[in-house]
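See structure below.
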Amino acid sequence: MNRLNDSTLGALPAAVTRPAYDRRALQTGIVHLGIGAFMRAHMAAATEATLAAGDLRWGIVGVSLRQPDTRDALQPQDGLYTLAIRDADEHGQPRQRLQVIGAVHALLVAPENPQAVLESIAAADARIVSLTVTEKGYCHDPATGALRLDHPDIVHDLENPHAPRSAIGMLVFGLQLRFARDHGPLTLMSLDNLPANGRVLCGAVLRFAEAVDPALAHRIGAECRFPCSMVDRIVPRTTDADRASVSQALGCEDHWPVLGEPFFDWAVEDHFAADRPDWTLGGARFVTDAEPFERLKLRMVNGTHSSIAYLGAMAGWETVDKAISQAALREHMEALMRDEIEPTLADLPGLDLPGYRANLLARYANPALAHRTQQIAMDGSQKLPQRLLGTVRDRLAQGLPVPRMALGVAAWMHYLRGVDELGQPYPIDDPHAAELTALYQRSLGQGASIEAVQAMLSYAPVFGDLAGNAALAAALLSALQSLQAHGVLATLVAMNRGELAQ
Ligand code: CS2
């Protein structure tokens, strides 16, 4: 089979959408740090729509911060890859719509050539540096949001200005070079699932820049912009079976297609330092304040996703659609949203919350995605604060009960035991894995008790000021006792019947 690339584009089946613009004329308006599957199925797809409309200023340089694998797969393909949008037809049969995306026209691997990354940030055509580096990529303390100057990557970068390895170090030293060349201001745009992601990024960049040179920090603060964004599309990790089936459908080999659901949402603050693409052509909306959209999305989508992930992974329900097909889990998720999350959300003009909730359950039931619960379960220490604990805090502050929210948090604690209910062990994939599993072993691993729960709750990087909260500890204890004694399914049934102690 031939490889997908510029010269084989013309031979693709007619049903496959592909770039009709002249890729050789693309300029590089965007540098993207963290060129993973999510960005390729989301921001790159929206950018593709602006290129298709004839604005060729927005080609993307994709930077991998760690591994060369994306570059190795896509470089021989001239940066082309397939986006497979998957769902089920009216008979429940999986189907896919294929689009070859041409927006990525150069790829860099930061550890191989950090200077090239700094150069691309400093280049005159670049107007936007966007980031999907996951929560832990901000090297911040998830409970407070502040950059950790003692983070090993940050310590390294402050000592190695020519070869930074953190996204924050790359941005600051890239901007230093850019200012030295007088190449105008830049927009730094986070697309990660963090509340006020633009402000978290801004805080981290300015704190790092302060440590390098206060005048640099001042200039970045004055000239750069950090719009916040809410991004939403479910993008499971690509498997070898996906590679084979997409290649088969294309009639040529694509070594790294990406998959996504049809649903797409992106609310981005229209707060840019210079030009920007018209991403509305690809389904985005420009807003003045992304915060209410982020809160809605992080609490409703990511909060329920993480709850499903820990409960599902422990019960041996490998994918989200399998998990949500369990009547007891579905009932719990619906009630969790309606009774505990939605009352904490601000009104958004035009938002139909019951419709949003029903649509989300339908998205989870998509049988064509096979989104693994273990994938979503990773990095829990980085995810819990904004996904679950914000809701918990708001409710506790109003004296409201949190039984269903607490079940998600309890499921994460229980998950730290590292073996599911079928006896299958799994690794805890988390930057704090060693500390957390040790903490689990000496507390909950000995059996659920109020002392064990309090020991877990006093883990400050995750729980911050929630340590010692008696109402939360009590709700966690009853969930954990039930999970340990009776398992996930029986606990869900008891929760739905109102039989778990509140
Ligand atoms: C998921 C998200 O992996 C995870 O943690 O919750 O990636 C989720 O699929 C997206 O945020 C949906 O927009």
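The values are calculated or read from the model by the stated rules, or taken from the named source; none is laboratory data. The model shown is predicted, which means the values in this text are computed figures rather than measured ones. Note that we place each Cβ from the backbone using ideal geometry, even for glycine, and neighbour counts take in every protein chain shown. In case anyone asks, the SASA skips ligands and DNA or RNA and just uses the protein heavy atoms, side chains included. Shrake-Rupley method; radii C 1.70, N 1.55, O 1.52, S 1.80 Å.
Numbers for the structure displayed
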{"quantity": "Qualifying residues in segment 348-384 (those that are more than 28 Å from Ala143 (Cβ to Cβ) and of a type in the set (D, E, K, R)) - the one farthest from the ligand (Cβ to nearest atom)", "calculated": "Asp352"}
{"quantity": "Verdict on Val268 being within 30 Å of Arg57 (Cβ to Cβ), hydrophobic (A, V, I, L, M, F, W, C), more than 23 Å from the chain's Cα centre (by Cα) and buried (at least 17 other Cβ atoms within 10 Å of the Cβ)", "calculated": "no"}
{"quantity": "Options Ser306, Ser247; residue that is away from the ligand (no atom under 16 Å from the Cβ), part of a helix (DSSP H, G or I) and among the small types (Gly, Ala, Ser)", "calculated": "Ser247"}
{"quantity": "Any pair with Cβ under 6 angstrom, 6 or more apart, that starts in segment 222-238 at a residue that is under 18 Å from Tyr364 (Cβ atoms) and ends at one that is assigned to a strand (DSSP E or B) and within 9 Å of the ligand (Cβ to nearest atom)", "calculated": "Asp232/Asp265"}
{"quantity": "Odd one out for Thr344 among (1) open to solvent by less than 20 Å² (accessible area, probe 1.4 Å); (2) within 16 Å of the ligand (Cβ to nearest atom); (3) touching a Lys or Arg at 6+ places or on another chain (Cβ under 7 Å); (4) of a type outside the set (Lys, Arg)", "calculated": "(2)"}
{"quantity": "One residue from Ala397, Ala460 being in contact (Cβ under 8 Å) with a residue 12 or more places away in the chain and of a type in the set (A, V, I, L, M)", "calculated": "Ala460"}
{"quantity": "Test for Gln99: is it modelled with pLDDT of 95 or more, in contact with a helix residue (DSSP H, G or I) (Cβ under 8 Å, 6 or more places away or on another chain), open to solvent by 40 Å² or more (accessible area, probe 1.4 Å) and not in a loop (DSSP other than H, G, I, E, B)", "calculated": "yes"}
{"quantity": "Residue in segment 445-462 that is more than 22 Å from Gln484 (Cα to Cα) and open to solvent by 10 Å² or more (accessible area, probe 1.4 Å) present", "calculated": "yes"}
{"quantity": "Residue check for Gln424: out of contact with any strand residue (DSSP E or B) (no Cβ under 9 Å at 6 or more places or on another chain), touching a residue at least 60 places away in the same chain (Cβ under 8 Å) and surrounded by fewer than 15 Cβ atoms within 10 Å (Cβ to Cβ)", "calculated": "yes"}
{"quantity": "Residue selected from segment 24-48 under the condition more than 12 Å from Ser120 (Cβ to Cβ) and in contact with a Lys or Arg (Cβ under 7 Å, 6 or more places away or on another chain), by the criterion surrounded by the fewest Cβ atoms within 10 Å (Cβ to Cβ)", "calculated": "Gln27"}
{"quantity": "Hey, Arg276 open to solvent by 10 Å² or more (accessible area, probe 1.4 Å) and without any contact (Cβ under 8 Å) to a residue 24 or more places away in the chain or not", "calculated": "no"}
{"quantity": "Among (1) open to solvent by 40 Å² or more (accessible area, probe 1.4 Å); (2) within 23 Å of the chain's Cα centre (by Cα), the one test that Val155 misses", "calculated": "(2)"}
